[in-house]
Every structure is written in C-alpha cells, then in structure tokens.
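Worksheet: one structure, shown below.
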Amino acid sequence: MSTDEDDGMHLNIAEYKAVQMELLGSFACVIDDRIVPLTPMAQRLVILLTLRGPTARSTLERLLWPETEPSQAAKRLRQSLWRTRQATGDALLDTHGDRLRLRSQITVDLAVASSLAEKLARVTPAQEGAARDVMAAQNLNFLELELLPGWDGGDIKQVRERWNLVRLIALQRLAELHLAAKDPLSALDFARRAVDVDAYNERSHRITARAHLELGDVYGARKIYASYSELLRLELGASPTPEFRHIVMANASELF
C-alpha cells in the first residue's frame, strides 16, 4: 500500500463538473453527479474536516482514534487518507503543511441550507412579500432533514444542535408568515414540521393552535394545548405559559 503522499489517481479538480458533500438526511460524497463510496473511517475523516475546517493531523488522529497510541493513530490516518484519495483523486482533500482540509470548490449542503434558513428566520414584516416569493420558488423540504442521523461525536452533536435551532426558527417564521397571509393550512404544515424538530418548544404549538382557531376549529386548538400540557407535565414537570392558555381559551374574535 502506498502512503498518504501517494495520491493514487492524481485526478485534477477541473475534470469534475461538481463536488458536493451531503450531510443532511444521510452522508454522501457526490462527484460529477455520482455517489463515491468511502470506507466508514474515511467518511468520519471527511465529516470532521467538513465540520471543523482545516485541522492538524495530530488533532484528527486524537479525535478519530482517542484510545490508540500516537504512532498507530498516525499510521491509521495515513491509511485512511490513501483510501480516500484512491476513491476521489485530487477532488476532495487538500494538504497545507501539517493541516488537512477539504478543497474550497466543494459545495456542502449544510452550509447552503443554513444560509437560507438563517435568512428566512430573520424575515421582518416589511419583507414578508419577498419571503413568500422565496417560499414559492424554493423547495423547503431540506428544513425537515436532520444532520447526519445515526452519527455521533462532539463536533456532530454541536453542529446538529445549531442546525436544529436554525431550522426550527425558520419553520416557525414561515408558519407565522402564512398565518399573516391568511393561509392557516400552510401555517399548520410548517408549524407541525417545527414540532417534529423540537416537541418541547411552545412557540410551535402556539402557532399550531392559532392556525386551528383561524380555521374556526376551537376544539382542535384546545386539543393541541391539552396534548402539549400533558407532554410538559410528564416529561419536564412543567406547564405551558399563561399566554398559551389565553390563546386557546379566549374567544377567537378577541385574538384575530
């Protein structure tokens, strides 16, 4: 077996139409519209570089093989690099001294999705028209996707928590925009997706209840409130805020 200094195929990045790293829903390394198979350890290596950016070899060795002797961990890293380059040529990895990184031309779906989700989360009332245009033109199903489901590790957990927060706020904002546009059915759709992201977040349940009231479904709104109350009582020993109770118990004409 050659070392990590031997790049195997020596393919040039210019030969590829596109290189994409998919982390949402499941992991995939896509080169020229083709999923490239990587070993489990090569996948973990690439994921670390995607999430952390340029990283020293010694850090990668410690993170990937925490209970292995440094010399053995260094050998395993060289093997993983060799296998990765055998599969991807020069399209994926770049070396700068003792640091490794992904090539800058690579598109990462998490970065693209996070950018759009953050923009949607910050929409102000004055921008609602433009936001609705974005919603009409853009497939927003990516907001339902979890980051690397089934994978664990400190870096993954932290990035996953941030992604969940960003997409939660975006879904809630989209639901509120539809409520403001007198489209309660679409508001329900986005609010329920938000509940799937975080079942304990009261704002999502409030929006769901408000949408039911907008539809004239007082019973449905109170059912949402009762279900959320039971969840908090059983799981957290807590109760919804008085404001939420007011929303579902007051006369709908006082609220809208």
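The values are calculated or read from the model by the stated rules, or taken from the named source; none is laboratory data. Values in this document were obtained by computation on a predicted structure and should not be read as measured data. So basically every Cβ, Gly included, is an ideal-geometry build from the backbone, and we count neighbours across all protein chains shown. Calculation scope for accessible area: heavy atoms of the full protein, side chains included, ligands and nucleic acids excluded. Shrake-Rupley method; radii C 1.70, N 1.55, O 1.52, S 1.80 Å.
Here are some notes:
- Residue list for segment 149-196, filter: assigned to a helix (DSSP H, G or I) and charged (D, E, K, R): ASP155, LYS157, ARG160, GLU161, ARG162, ARG167, ARG173, GLU176, ASP189, ARG192, ARG193, ASP196
- Condition check for SER2 on (1) part of a helix (DSSP H, G or I); (2) at pLDDT below 90; (3) of a type in the set (Ser, Thr, Tyr): one failure, at (1).
- Residues that are open to solvent by less than 70 Å² (accessible area, probe 1.4 Å) and among the hydroxyl-bearing types (Ser, Thr, Tyr), drawn from segment 61-77: THR68
- Check on PHE190, in contact (Cβ under 8 Å) with a residue 12 or more places away in the chain and farther than 22 Å from TYR228 by Cα: no
- Any hit, segment 180-187, residues being in contact (Cβ under 8 Å) with a residue 24 or more places away in the chain and under 17 Å from the mean Cα position of the chain (by Cα): no
- Failed item, numbered, when TRP163 is tested on (1) within 17 Å of ARG44 (Cα to Cα); (2) touching a residue at least 40 places away in the same chain (Cβ under 8 Å): (1)
- Total residues in segment 214-223, condition among the small types (Gly, Ala, Ser), assigned to a loop (DSSP other than H, G, I, E, B) and under 17 Å from ALA175 (Cα atoms): 0
- The criterion of being under 21 Å from ARG192 (Cβ atoms) and either of a type outside the set (Phe, Trp, Tyr) or modelled with pLDDT of 85 or more (or both) holds for ALA117.
- Criterion: in a loop (DSSP other than H, G, I, E, B), at pLDDT 90 or above and among the small types (Gly, Ala, Ser) - qualifying residue of ALA199, ALA211, ALA226: ALA199
- Near pairs, Cβ below 7 angstrom, 6+ apart or cross-chain, from segment 21-43 (free of Cβ contacts under 8 Å to residues at least 40 places away in the same chain) to any residue that is open to solvent by 30 Å² or more (accessible area, probe 1.4 Å) and assigned to a strand (DSSP E or B): ALA28/GLU22; ALA28/ILE35; VAL30/GLN20; VAL30/GLU22
- From the options SER58, SER80, residue that is buried (at least 17 other Cβ atoms within 10 Å of the Cβ), among the polar types (S, T, N, Q), out of contact with any strand residue (DSSP E or B) (no Cβ under 8 Å at 6 or more places or on another chain) and at pLDDT 90 or above: SER80
This table checks each residue for (1) modelled with pLDDT of 90 or more; (2) aliphatic (A, V, I, L, M); (3) within 30 Å of ALA91 (Cα to Cα); (4) buried (at least 16 other Cβ atoms within 10 Å of the Cβ).
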{"residue": "VAL108", "(1), (2), (3), (4)": "yes, yes, yes, yes"}
{"residue": "ALA113", "(1), (2), (3), (4)": "yes, yes, yes, yes"}
{"residue": "ALA137", "(1), (2), (3), (4)": "no, yes, no, no"}
{"residue": "GLY154", "(1), (2), (3), (4)": "no, no, yes, no"}
{"residue": "ARG160", "(1), (2), (3), (4)": "yes, no, yes, yes"}
{"residue": "LEU188", "(1), (2), (3), (4)": "yes, yes, no, yes"}
{"residue": "VAL195", "(1), (2), (3), (4)": "yes, yes, no, yes"}
{"residue": "HIS205", "(1), (2), (3), (4)": "yes, no, no, yes"}
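- Selection within segment 25-54 - open to solvent by less than 40 Å² (accessible area, probe 1.4 Å), of a type in the set (Val, Ile, Thr) and touching a helix residue (DSSP H, G or I) at 6+ places or on another chain (Cβ under 6 Å): VAL36
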